[in-house]
1. Using amide H atoms built in the peptide plane, which far-off residues or other-chain residues are under 5 Å from residue 253 H to H?
2. From the backbone phi of the stretch 197-205, what are the Karplus-calculated ³J(HN,Hα) couplings (6.51 cos²θ - 1.76 cosθ + 1.60, θ = phi - 60°) in whole Hz, Gly and Pro given as x?
3. Let me spell out the model: positive unit charges on the Cβ of Lys and Arg, negative unit charges on the Cβ of Asp and Glu, origin at the Cα centre of the stretch 178-218. What dipole size does that give, in debye rounded to 20?
4. Mind listing the phi-derived Karplus ³J(HN,Hα) values for the stretch 226-232, rounded to whole Hz, using 6.51, -1.76 and 1.60 with θ = phi - 60°, and x for any glycine or proline?
5. Could you put 190, 256, 366 in order of accessible surface area, largest first, with the 1.4 Å probe and the full protein assembly present?
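The values are calculated or read from the model by the stated rules, or taken from the named source; none is laboratory data. Everything numeric here is computed off the predicted structure, so don't read it as measured data. For neighbour counting, all protein chains shown are included, and Cβ atoms are generated from backbone atoms with ideal geometry for every residue, glycine included. Please note that ligands, DNA and RNA were not included when accessible areas were found on the heavy atoms of the full protein model with its side chains. Shrake-Rupley method; radii C 1.70, N 1.55, O 1.52, S 1.80 Å.
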Amino acid sequence: MTDSHRPSGAYPMAPSHDDGSYDHGSHDDGSYGTAPYVGGEAGYPPPPAHQPEVPAHAWPAPAPQPFPAADAAEPVRRVKRPFALLAAVAIAAAAIGGGTATLIGELADGGTNGSGSGVVNGTTVSQSSAGTVSGVAAAVSPAIVEIGATSSAGDATGSGVVITADGEIVTNNHVISGASEIEVTLSTGRTYTADVVGTDADKDLALIKLQGASGLKTASLGDSSSVKVGDQVVAIGSPEGLTGTVTSGIVSALDRDVTVAKDEEQGQEQQQQGGQNWPFEFGGQQFNGDTGSSKTTYKALQTDASLNPGNSGGALINMNGEIIGINSAMYSPSSAGASGSSAAGSVGLGFAIPIDTVKADLDSLRAGAGS
């Protein structure tokens, strides 16, 4: 109600004993009646001319008094805050989606499901790094060893692949051929003495076993029959004594007829001549030296992954972390008569014995064939 323009005290008020009754007389001009209140001493005078006309039969109704602004707004805020909070939570939950549900489920059951191991079945390559060179290297490197062989011809260095937890290792025959002592160094740096279990010079394969080993990290043997030209591969070995060296490339050809020497003395001598590679033949031509009269031919996988002296016996691995070949030979531009170490190193022509050949020969090697 707006403020009145009447001066304060301009009109007499009804006595305290007034029972609220007054004259309801009607007037044509709409002015208040002139009859005095019951028991009153004076009549209520008419309002000034500038005031709006009010019916004589009723007092002007007082305007409703609003709640204070703070009181009116408070209930609104109390209603809106929970609603806004619930809306924000709903939006966040929708954005996060299944991840939130999974997390809540794991917290609810205490994480007993055990399904989040992050390991690909049948391999040791984690799901987060499957298909990457770093993932393969991290998973398989612990199963690749460096082999040092001592013979009458001198010392030779090669590589090997651990296939059993108690220390069975597959390598090339030419790595340990004629050795009187074999020392094996794991990726951890621990060394073992090894004995020859069996050899197959025709396939350039050998099986050795560590003395007193247990709980070793083992490699997973794959399927070389499913390998295709263009498949990405990783090679791990100890070229020039550099333990655990990792290179990568592709399979560049299948079923290469590679010919290598079988003579143990020739093999050891070639490995000592300034880092020369094991001599091999292909297509009627000799590479890296004379293979001699005692030689053998096998079908090999060809790869452009870099191989160097010392990679022999190491692993060629697919991107699932499975061994698909045992590295055995490589082409180097330097010749057998060149002085000093190999001039150019790897030029992307490396060869590996298919792992299916190895698996087919394991029983014979374990039986001591050739030893």
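1. Correct list: 302.
2. Once rounded to whole Hz, the list reads 8, x, 9, 9, 5, 5, 10, 6, 10.
3. I would put it at about 300 debye.
4. Result, ordered by residue: 9, 6, 10, 4, x, 4, 6 Hz.
5. I get 190, 366, 256, largest accessible area first.
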